[in-house]
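To start, the structure under review is shown below, and the notes come after it.
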Amino acid sequence: MHCHISAARRGHFLWLVPFLWTLALGLWGLSRDDSVWRDEAATWQVAGRSAGDIWNMLGNVDAVHGLYYLLMHGLFEVFGASTTTLRLPSVLAVAAAAACVALIGRRLGGLWTGLGGGLALGLLPAVQFYLQEGRPYALVAAGAGLSTLLLVSLLGSASGSRSGSDSRGGSGPGRRAWPRWTAYGTTVLVCALLNWLSLLILPAHAVTLWWVRAGRGVWLRWAAYGAGALAGALPLILFSRGQSDQVSWIPPLTWHMLIGPGILLAVGGLAARADRPDRTGLSVAAVGLPLLAVPQLGLIGLSLVQPLFLDRYVLFSMVGLALLIGAALGAAVRACAPRFPRAADLLVPGVVGVAALALLPVELGKRAPASRVDDVLAVAGEVARVKQDGDAVLFVPAARRDTALVSPGAFTGLSDLALARTPVASATLKGEEAEPARIRAALLAQRRVLLVTDAAKVAKAPSAERDKTKAAVLREHFAVVEDRQVRGRRVTVYERRG
């Protein structure tokens with residue numbers, strides 16, 4: 001009896017081990033050598049605005065991230081602007097997702113399945129990237145883990161009462177389950193408000209319901225609460241479609257872009273074969289495989305209509321892959337236990353340790369500034385070193401103004417020649433620039449100009465008329481006296497000829 005209670009207690013607190021493991025992975029190298037790249041810079045500079053200014057901006061741009069920006073604004077107000085405040089929510093979110101994986105795996109496949117899956121989530125390369133990212137995708141993954149855990153709990157309750165009318169929509173357990181159904185619908189809605197492509201979790205859960213042959217009552221409740229979440233997110237979906245220019249840079253779907261999802265699905269399918277369903281048909285495979293496959297395939301389908309295929313949009317599907325990896329590890333332990341009981345207890349920790357060591361180059365790479373395309377803080381430091389009194393500054397393209405917005409102190413005393421209305425006044429991310437003729441006249445009145453742009457290896461030829469004007473005037477009337485490139489950005493100092 002004592003051993004049974006001890007085992008139950010160990011299982012009850014099983015989620016804490018993956019939570020702490022993933023938290024440690026996230027805190028390791030959190031600042032990335034004090035670097036912030038362009039996507040995170042958008043979060044940083046918007047979070048620093050007032051709530052009213054953020055709301056005004058959402059009417060013009062980035063409405064899809066509105067809830068996340070408001071959340072980060074609150075955190076910046078309380079804890080101050082820093083790389084820790086920027087990224088810690090994502091670390092905690094992935095740690096919470098790992099805890100959910102552990103609880104789901106334990107319920108469906110046993111202790112080692114839960115522990116293996118929970119520990120595996122934070123090691124997945126895609127998760128490693130967004131584990132320390134000041135963007136909303138990790139928060140969506142946490143929501144996916146929680147909503148899936150709630151669904152598994154509800155399916156288990158319904159399976160337990162299937163012999164009666166309750167599993168088909170009667171009273172009793174169905175009524176007692178309404179708080180969990182409400183939590184399920186609320187979680188799906190919040191995830192949709194963070195990134196409405198997370199609604200792809202609903203068809204994934206529908207496949208799970210079909211797989212386990214859920215009763216009519218479960219289907220009806222799932223449809224009702226899922227529809228409620230969809231209805232709550234629909235205004236945001238329709239409104240943000242009017243801001244589709246924000247994703248116009250995403251390239252069309254190509255065959256080579258499908259290699260990654262194909263490998264993931266193949267690995268998930270192999271892992272699913274190691275799973276074993278319980279008497280109700282509920283299994284790790286029935287939950288994990290749809291959660292991995294349906295969002296990936298759904299995003300591919302959407303990308304055939306409009307290019308949208310970016311792995312971060314379906315990062316939450318990695319919760320399904322982690323569950324399947326846990327199922328494979330749990331099956332390995334069961335196979336090993338009869339002949340080598342002591343070795344079986346060390347199998348999961350050993351495999352996780354070996355995987356962590358094997359992935360060490362990946363882990364170190366994701367924590368280096370070079371893992372991102374640029375660093376807005378590094379180039380701000382270069383500006384502070386080369387600027388002189390009376391200098392002016394230009395940004396090409398205008399979006400590179402994010403450097404000044406995140407590090408305004410480095411640009412103190414510099415005149416932003418092209419800027420007509422600030423980002424806050426114009427309710428935009430990068431501000432509004434003057435007409436090309438005014439930019440030309442302002443440039444010709446300067447002695448020294450600092451140009452902040454992309455490093456040569458990632459720079460693109462100017463496409464906007466304003467940027468072409470800037471480049472032409474600098475080329476014709478100014479000479480380069482200093483040129484520094486650092487972490488994907490470049491600052492070039494020009495002096496007027498003659």
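The values are calculated or read from the model by the stated rules, or taken from the named source; none is laboratory data. Source: prediction; values computed, not measured. Because the Cβ atoms are built from the backbone with ideal geometry, glycine has one as well, and the counts that use them run over all protein chains shown. Areas reflect the complete protein model, heavy atoms only, side chains present, ligands, DNA and RNA absent. Shrake-Rupley method; radii C 1.70, N 1.55, O 1.52, S 1.80 Å.
Within the set Lys366/Lys387; Lys366/Lys470; Lys387/Lys460, which residue pairs have Cα atoms separated by over 30 Å? Could you put the intermediate results ahead of the total?
Working: Lys366/Lys387 32 Å; Lys366/Lys470 35 Å; Lys387/Lys460 25 Å.
Table pairs above 30 Å Cα-Cα are Lys366/Lys387; Lys366/Lys470.
Please report the spacing between the Cα centers of segment 207-225 and segment 428-498 in Å, no decimals.
About 59 Å separates the Cα centre of segment 207-225 from the one of segment 428-498.
Ignoring ligands and nucleic acids, what accessible area does Cys100 show with a 1.4 Å probe (Å², nearest 10)?
About 20 Å², rounded to the nearest 10.
Ordering Arg213, Arg385 by accessible area with a probe of 1.4 Å, largest first, what comes out? Don't skip to the answer; put the middle values down first.
Values: Arg213 190, Arg385 150 Å².
Correct descending sequence by accessible area is Arg213, Arg385.
With a 1.4 Å probe and all protein chains kept in place, how do Tyr494, Tyr68 rank by accessible area, largest first? Write out the running numbers ahead of the final one.
Numbers: Tyr494 35, Tyr68 0 Å².
My answer, sorted largest first, is Tyr494, Tyr68.
Once the Cα atoms of helix 178-194 and of the chain are each reduced to a long axis, what angle between those two axes, in degrees from 0 to 90 to the nearest 10, is obtained?
Approximately 20 degrees, to the nearest ten.
What accessible area per residue comes out for the chain, rounded to a whole number of Å², with a 1.4 Å probe? Don't jump to the answer; show the numbers that get you there.
Numbers: 22010 Å² over 498 residues.
Value for the chain: 44 Å² per residue.
Scale the Cα Rg of segment 8-153 by the rule-of-thumb value 2.2 N^0.38 Å and send over the ratio, two decimals. The partial results should precede the final answer.
Working: Rg = 16.7 Å, N = 146, 2.2 N^0.38 = 14.6 Å.
Ratio of Rg to 2.2 N^0.38 Å for segment 8-153: 1.14.
Helix 216-241 against the longest principal axis of the chain: what's the angle in degrees, Cα atoms only, rounded to the nearest 10?
Around 0 degrees separate the two axes.
Carbon-plus-sulfur fraction of the accessible area of segment 354-401, 1.4 Å probe, in percent?
On the way: 1290 of 1940 Å².
Accessible surface attributable to carbon and sulfur in segment 354-401 totals 67 percent.
Mind pulling the angle between the C-alpha long axis of helix 137-160 and the longest principal axis of the chain? Nearest 10 degrees, somewhere in 0 to 90.
Result, in degrees: 20.
Could you work out how far apart the two model spin labels at Leu364 and Ala455 are, taking each label as a point 7 Å from the Cα in the direction of the beta carbon, and quote it in nm?
So the two model labels end up 1.9 nm from each other.
What is the distance, in nm, between label points placed 7 Å from the Cα along the Cα-to-Cβ direction at Asp483 and at Ile250?
3.6 nm
Place a point 7 Å from Cα of Gln306 in the direction of its Cβ. Which residues in segment 56-73 have their backbone N less than 17 Å from it?
Output list for this probe position: 59-66.
With a Förster radius of 30 Å, plug the Cβ-Cβ distance of Ala464 and Asn56 into 1/(1 + (r/R0)^6) and report the FRET value to the nearest 0.05. Can you show the working numbers first?
Working: r = 24 Å, r/R0 = 0.80.
Efficiency, rounded to the nearest 0.05: 0.80.
State, as an integer percentage, the relative contact order of segment 363-498 based on alpha-carbon contacts under 8 Å between residues 6 or more apart. Each step should come with its number before you reach the end.
Numbers: 224 pairs, mean separation 38.9, N = 136.
Rounded, it is 29 percent for segment 363-498.
Using Cα-Cα distances under 8 Å and only pairs 6 or more residues apart, what relative contact order does the chain have, in percent?
Reported as a whole number, the value is 17 percent.
To the nearest 10 Å², what's Val486's accessible area with a 1.4 Å probe?
The accessible area comes out at roughly 40 Å².
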